[in-house]
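Reading through the structure tokens given below for one structure.
Bear in mind that the values in this text are calculations on the coordinates, not laboratory data. Please read these numbers as outputs of a predicted model, since none were measured by experiment. Ideal geometry is used to build each Cβ from the backbone, glycine not excepted, and the neighbour counts take in all protein chains shown.
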């Protein structure tokens, strides 16, 4: 991990907060495959188009790892929301990760391009995430998927959306098998010890976090809305079980632990893994960071058990 960070510094990598949103997206997409694994070959790759409540259509991609589903009901499916501070990232930047999870978990994965800020402010991404799950639940059978074995998951901002969507699913009576959360954002403010300890020099830096949130939120008061900071959710009882994978050297690690504690106190089964010596974004560094491969395998094992 130290070697990766040193190579980033030598490359004079410009900070996200110094760019326009479109420049940041282009920069992130151009670099997203450098340390990531080569994408697995899938038996089926299908472009989907998901309608939303306001008439927009979200591009999405379904990947299926093998030819025949494990049961007559179809493939269990993970609905994946990519990370990127609600501002950058896409189905394309997370394609390798989603394919690797599908391969390891023996499950289908649907990755969705929810709309990004600042063009689409809070709570558009929240609405898109929930609309995507509702649509997938209805359309599952026609896609060869099993609507009774569905999970939501994501990294960073996508992890935030996963938690919020799981809470909405609980309220709607839509049963989910699992929340798969890679270093999710959970808190309203950057005031934990890990935010201070890892504010500079550990891939995700404090000025960039603030920049992302300023793109996404309409005003500072929205930070306290539970749909932005799920630690503020009044009630976590009965939400789907969670697998949470955190990076030790990450500003978000403390709030991830706090989220795990709150879920456990609400009686929700939680499997928490903290990967030592790695930073935010490490799960997309499988070529260079062995802990990334361990996290992929741990997450896939959690999915297999949840879908069993």
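Matching residues to (1) at positive phi; (2) touching a strand residue (DSSP E or B) at 6+ places or on another chain (Cβ under 7 Å); (3) crowded, with 21+ Cβ neighbours inside 10 Å:
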position: 158; (1), (2), (3): no, yes, yes
position: 161; (1), (2), (3): no, yes, yes
position: 176; (1), (2), (3): no, yes, yes
position: 188; (1), (2), (3): no, no, no
position: 239; (1), (2), (3): no, no, yes
position: 246; (1), (2), (3): no, yes, yes
Discussion item. Take the residues in region 204-221 that are crowded, with 16+ Cβ neighbours inside 10 Å and part of a loop (DSSP other than H, G, I, E, B); name whichever of them is nearest to the chain's Cα centre (by Cα).
Written reply: 204
Discussion item. Condition check: in contact with a strand residue (DSSP E or B) (Cβ under 9 Å, 6 or more places away or on another chain), assigned to a loop (DSSP other than H, G, I, E, B), touching a residue at least 60 places away in the same chain (Cβ under 8 Å) and crowded, with 23+ Cβ neighbours inside 10 Å. Does residue 251 satisfy that?
Written reply: no
Fill in: Residues satisfying the stated conditions in region 275-293, i.e. surrounded by fewer than 16 Cβ atoms within 10 Å (Cβ to Cβ) and free of Cβ contacts under 8 Å to residues at least 40 places away in the same chain
276, 290
Discussion item. Return the residues of region 63-100 that are assigned to a helix (DSSP H, G or I), touching a strand residue (DSSP E or B) at 6+ places or on another chain (Cβ under 6 Å) and within 26 Å of residue 127 (Cβ to Cβ); say none if nothing qualifies.
Written reply: 98
Discussion item. Looking for something out of contact with any helix residue (DSSP H, G or I) (no Cβ under 6 Å at 6 or more places or on another chain), farther than 22 Å from residue 119 by Cα and exposed (fewer than 11 other Cβ atoms within 10 Å of the Cβ) - is there at least one such residue anywhere in region 15-35?
Written reply: no
